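Chemist: Structure provided below as structure tokens; questions to follow.
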Amino acid sequence: MQYNTIKITTPQAEQIALDLFSISGKAKPLPGELDFNFRVKTEKGESYILKISRPDEDKDYLDYQQQLLLHIEKKGEAIISPLVIKDRNGHAISNFKDDSGNLRMVRLLSWVSGRIWSSVNPQLDTLRFSLGEQCGKITKILRDFDHSKAHRDFEWDIAQSLWTKNHLYLFKGKEKEIIAFFQSEFEKAASTYTDLRKSVVHNDANDNNVIVSPDLVQPKTNAIIDYGDAVHTQVINDVAVACAYAIMHHNDPLEAALPLLKGYHSTFTLEEAELDHLYNAIAMRLVISVTKSAINRVKEPDNEYLLISEKPAWEVLKKWYAIDPDFAKYSFRSVCEFEAHSNTKKFEGWASNQNFELSDLFPTIRKNEVQHLDLSVSSKWIGHEREFNDLDLFQFKINRLQKEKPNQIPAGGYLEPRPLYTSTEYDKIGNNSRESRTIHLGVDFWLPAQTPVHAILNGEVVVAVNDEGNKEYGGLIILKHEVENLSFYTLYGHLTPDSATSKKRGETIKKGECIGYLGNYPENGNWAPHLHFQIMLSMLGHTKDFPGVAYFKQLGVWKDICPNPNLLFKTEGLKNPNKTTNEDLISYRKKYLGKSLSLQYKTPIRMVRGAGQYLMDQYGQKYLDTVNNVAHVGHENYAVVKAGKEQMALLNTNSRYLHENINELANELLETLPPELSVLHFVNSGSEANELAIRMVKAVTGERDIIASEVGYHGNSNMCIDISSYKFDGKGGQGAPEHTHIFPLPDIFRGKYRDENAGSKYTQEVQFQIDSIHKKGRSVGAFIIEPIISCGGQIELPKGFLSQAYANIRAAGGLCISDEVQVGCGRVGKTFWGFQLYDVIPDIVTIGKPLGNGHPLAAVACTQEVAEKFANGMEYFNTFGGNPVSCAIGTAVLRTVKQDKLQENALVVGEFLKSELKSLSEEFSIIGDVRGQGLFLGFELVDGKMNPLGDHADYLANRMKDHGILMSTDGPDYNVLKIKPPIVFTKENAKELIFYLKRILAEDFMKYY
């Protein structure tokens, strides 16, 4: 029967609701495969679901659905489900005849309020977990429900899914191959699958049947509706259906499935045997979906609902096909708190009774003791990235270790998170962000090249290759062992190519037989000579290699698949040292560190290593850093680190002695400054620099009155706090001191003045403060301001403001201080210093954070006149200011900026990023303003009435962290996202930042204001 001839229109639905149920309201169509569904909303705001059958629908089947809902209503106190509304005659199922004379059955159900799953963004792990919880609760309630129609022939029942084989001809190429594979695997498993627990289950927790709470930050599943597909089938099929829909639109569908499975298991305990079939069951639900779509594309081309999930279903089916079935099964088992591999405990029991020696593995070495070698991401031994990638240097350090402890083998590494795997081959784009394989799955024994390696057990060769492109192993042999009804594998990596390929697949190796020799780089996978020894309980379908490094998120699975090799050797030196947890660190901080010392983010991150524009946590996970302008030329910039280390090894003392380093730094710095600023004083921090600047003001002018901007911040010393409105006007502050005079934040977006004459008006505000000082019978000491006000929200100064303000201050006898602690050293791109953006020359410039690239180093530059008057007989001495180590580091920073053209990079990348942010602001009105220069940018979040959206900014920063990008908020209302990364930040980094900003700006919470 043609779809258009049986379709029910909206006016018809409204009339049916009125005639049969006395419900008067407006109808709105809802999706549905068989029934014609409508939401009917009355003038009183009450809503119902009207379900109108097709002409040929079975009344017993509809009765089954109604009885099921009545059963849930009676027993399901813990869940929300649609309620059956009886017609005006008291019937749960009503009927009418359509225009063609066909009898149509009608049901009315209560409306379950909330958002449907498909409209919710983002769909986080917590949401999928709650979906699993709800599905499990429903299954538990339905365990004692049955009905004859629950045992019907039903194409959407996974247990009956092999009907799809009859339609395989509809597909071609890779798609046909994928469908045929899953059909075959499902058929092979039929004997054990048939015996699984069965029950009536919902069987259709799809995007449009799941109702989600209104909470926009932590939404949860409130209800599951539409029981039309409920069927008596294997319980695991219900899990599979929910997973099949919930994992769509994810890069890693397996990872997306796990929270849902965990939630289901938490409310309805699943059995191990059921998990063995979940991978195939999910696939077969998707096979049903794409097959139905292919059929219906011909059958009912006008019914868009039938085709709506075809594309995402194919996308996820192809990704599912690429996942190893065993790895999926082990992941399912792990998340349900079973052993990931069913033989893990059995292997551990067998290994506990064995007494292997390292000399069994390396009989020619005759050593059984280990010197633990830490190659973890927080290891100081491996040093800088440049050093651990220098194989000659790495080998030299290994050799030195071997000489220091001649009776021990340097070894270690099991489950160690390492930063050594820098190739993009170790990376993937996960569901949130880029992820790196960092967790080492075996043990490394560092021994000379050509050291013979012997089998510790009888075994069969299953892999013997030299894969020149395999950067994990080079020459590789894997042996299969059968002991006491237990199968497992041992892996020997980084062998010489000849010795690895001399063995043949299927060859038997006897215990004690030499199986290969340690290779040298580059033939061994381009590593210093060592053996990578690993145990596996499964090959996971691999026939030519096996992963030696895993993703941290999958650690729980991998540690069961690859048990600790030290279970065999029981060597003290191979035991991983106990590590301090994040909770331990937080607890200690709370107990012993200052209470005002805060941590970034709701869930703090433990950072242990930096590299360029990235920071790494203790698991080796990288975070793109858009916040830390301190690491001006990149975290742990090699030239800077090297300069500091080399000088520290020679001498570090005060500046009372002659040393060329202080002169070299002075020369590099003076080259960047106008000739008027020709005298330098070196200090240790931006706070010290501003403190010294104020001392200079007092010495030169004899005055104490300072004019500063609202929300300005100039340091954490007493004198600096006294001139920092950001502090004394904030929490714990007591307002401006007597000699501090604050003018309004010169913000032309939401400030006091916003028109084209704002610059002159803000200048007048400065003049008001000058006049106020004069009225008190005092004179102006100085005017201090950042060229772009950082804590104020990355505020660029209005046109003409700074030059006019400087003129007014100087006319009043005061000095002009440019605080360049955050904006200086090439960051703003167009100029080296921020004040140069406005074509002015201050009397004093304070320089801080960027100069030392994380080392405590700062400076004050001033005119000769200021310097001469400051030198009034009271000696200025700073014990550490200008020390040789600090000066070597500062010189390296400035030379890196110049030689690597990082100021130009800040300009090019900054202008690109600013342009992209402005484009985002056109798409998302929540971005009210984009401002800044170079790589010192900010964008402000406001609503349509220009009210600040601080909660949204906080949400955005924390969600960006979830995507591996560090951001932070600023501004008086904390509604400005600041962007001031290391100036090695690239255009690709900027594109990644924009990509994830766009994704999060589209989330529900960001659209709610």
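Here, each number is a calculation from the coordinates, and none is a lab measurement. Source: prediction; values computed, not measured. Glycine gets a Cβ as well: all are built from the backbone with ideal geometry, and neighbour counts include every protein chain shown.
Chemist: Could you give the nm distance between label points at Glu738 and Ser760, where each point is 7 Å from its Cα heading toward the beta carbon?
Modeler: For Glu738 paired with Ser760, the spin-label model returns 3.8 nm.
Chemist: About the Cα centre, and with charges only on the beta carbon of Lys, Arg (+1) and Asp, Glu (-1), how big is the dipole of the chain? Nearest 20 debye, please. Working shown, then result.
Modeler: Details: 113 positive and 128 negative charges, 152 e Å.
Dipole about the Cα centre, nearest 20: 740 debye.
Chemist: Can you tell me the dipole magnitude for the stretch 603-703 around its Cα centre, using point charges on the Cβ only (Lys, Arg +1; Asp, Glu -1), in Debye to the nearest 20?
Modeler: Working: 8 positive and 12 negative charges, 84 e Å.
Result for the stretch 603-703 is approximately 400 debye, rounded to the nearest 20.
Chemist: So which lysines can Lys480 reach, going by Cα to Cα under 17 Å and dropping same-chain residues fewer than 8 places off?
Modeler: Excluding near neighbours in sequence, the set is Lys346, Lys503, Lys504, Lys510, Lys511, Lys544.
Chemist: Let me ask you something else. Taking only Cα atoms, what is the 0 to 90° angle, nearest 10, from helix 884-899's long axis to the longest principal axis of the chain?
Modeler: Helix 884-899 sits roughly 70 degrees off the main axis of the chain.
Chemist: Using +1 at the C-beta of Lys and Arg and -1 at the C-beta of Asp and Glu, which of Gly759, Gln218, Ile365 has the Cα lying farthest in the positive direction of the dipole of the chain?
Modeler: Gln218
Chemist: Right, next: Within 10 Å of each candidate Cβ there may be at most 12 other Cβ atoms; applying that plus a DSSP loop requirement, which trypsin sites (Lys or Arg not before Pro) in the stretch 67-154 survive?
Modeler: Here the trypsin sites (Lys or Arg not before Pro) that fit, given the DSSP loop and packing criteria, are Arg88.
Chemist: Between Gln402, Thr543, Pro301, whose Cα lies farthest towards the positive end of the dipole of the chain when Lys and Arg beta carbons carry +1 and Asp and Glu beta carbons carry -1, centred on the Cα centre?
Modeler: Most positive-ward Cα: Gln402.
Chemist: Let me ask something else about it. Please sort by residue number the GluC sites (Glu not before Pro) in the stretch 264-294 whose DSSP state is loop and whose Cβ has at most 14 other Cβ atoms within 10 Å.
Modeler: Here the sparse-neighbourhood loop sites are Glu271.
Chemist: Please identify the trypsin sites (Lys or Arg not before Pro) of the stretch 723-804 that satisfy two criteria: DSSP loop assignment and at most 15 other Cβ atoms within 10 Å. Which are they?
Modeler: Lys731, Lys752, Arg754, Lys776, Arg778, Lys799
Chemist: Once both labels are modelled 7 Å past Cα along the beta-carbon direction, what's the Ser266-Trp381 spacing in nm?
Modeler: Going by the 7 Å Cα→Cβ label model, 4.0 nm.
Chemist: What's the FRET efficiency of His372 with Lys318 using the Cβ-Cβ distance as r and R₀ = 51 Å, to the nearest 0.05? Provide the component values of the computation, followed by the final result.
Modeler: Working: r = 44 Å, r/R0 = 0.86.
That gives a FRET efficiency of 0.70.
Chemist: To test your reading of the geometry: what angle, between 0 and 90 degrees and rounded to tens, separates the Cα axis of helix 950-962 from the longest principal axis of the chain?
Modeler: Once rounded, the angle reads 70 degrees.
Chemist: In whole angstrom, and with the biggest value first, how far do the Cα coordinates of the stretch 646-899 range along each principal axis?
Modeler: Computed over the stretch 646-899, the largest-to-smallest principal extents equal 56, 39, 38 Å.
Chemist: If I take R0 = 30 Å and measure r between the Cβ atoms of Leu401 and Lys642 in this structure, what FRET efficiency does the formula 1/(1 + (r/R0)^6) give, to the nearest 0.05?
Modeler: Between Leu401 and Lys642 the formula returns 0.85.
Chemist: Right, next: What relative contact order, as a whole-number percentage, does the stretch 645-793 give when Cα pairs under 8 Å and 6 or more residues apart are counted?
Modeler: It rounds to 23 percent for the stretch 645-793.
Chemist: According to the Cα gyration tensor, what semi-axes, each the square root of 5 times an eigenvalue, does the equivalent ellipsoid of the chain have, listed from largest to smallest in whole Å?
Modeler: In descending order the semi-axes read 60, 46, 21 Å.
Chemist: Efficiency by 1/(1 + (r/R0)^6): what FRET value for Ser352 and Asn166, r their Cβ-Cβ distance, R0 = 56 Å, to the nearest 0.05?
Modeler: The value I calculate is 0.55.
Chemist: Let me ask another. In nanometres, what is the gap between the two model label sites at Asn389 and Arg606, each 7 Å from Cα along Cα-to-Cβ?
Modeler: 2.7
Chemist: First select every other residue whose beta carbon is under 10 angstrom from the beta carbon of Cys887; then total the charges, Lys and Arg +1, Asp and Glu -1.
Modeler: Here the charged neighbours net out to -3.
Chemist: Using 0.36 nm per residue of separation minus the Cα-Cα distance, give me the extension gain between Phe181 and Ser925 in nm, one decimal.
Modeler: Numbers: separation 744, 0.36 × 744 = 267.84 nm, distance 4.82 nm.
Going from the current span to full extension adds 263.0 nm.
Chemist: Let me ask something additional. Nearest 10 degrees, 0 to 90: what angle lies between the long axis of helix 59-75 and the longest principal axis of the chain (Cα atoms)?
Modeler: That helix lies at roughly 50 degrees to the long axis.
Chemist: Hey, another quick one. How charged is the neighbourhood of Met607? Take every other residue with its Cβ under 14 Å from the Cβ of Met607, and add Lys/Arg as +1 and Asp/Glu as -1.
Modeler: Charge balance in the 14 Å sphere: +1.
Chemist: Moving on to the next point. Tell me the mean residue ellipticity at 222 nm calculated for the chain from its helices only (DSSP H runs of n ≥ 4, each -39500 (n - 2.57), averaged over every residue, nearest 500).
Modeler: About -10500 deg cm²/dmol.
Chemist: If you don't mind, another one. What is the stretch 3-113's relative contact order, in percent, from Cα pairs under 8 angstrom and six or more apart in sequence?
Modeler: Over the stretch 3-113, the number comes to 24 percent.
Chemist: List the residues of the stretch 675-708 whose backbone N lies under 15 Å from a point placed 7 Å from the Cα of Asn872 along the Cα-to-Cβ direction.
Modeler: Under cut-off, by backbone N: 692-705.
Chemist: Ranked by Cβ crowding within 10 angstrom, fewest neighbours first, how are Arg39, Arg959 ordered?
Modeler: Arg39, Arg959
Chemist: Over 5 Å intervals from 0, what percent of Cα-Cα pairs in the stretch 3-113 sits in each interval?
Modeler: The distribution over the stretch 3-113 is 2, 12, 23, 25, 21, 11, 4, 1, 0, given as percents.
Chemist: Picking from Gly777, Leu680, Gly852, whose Cα lies most toward the positive end of the charge dipole for the stretch 646-899 (charges on Cβ: Lys, Arg +1; Asp, Glu -1)?
Modeler: Ranked along the dipole, the leading option is Gly777.
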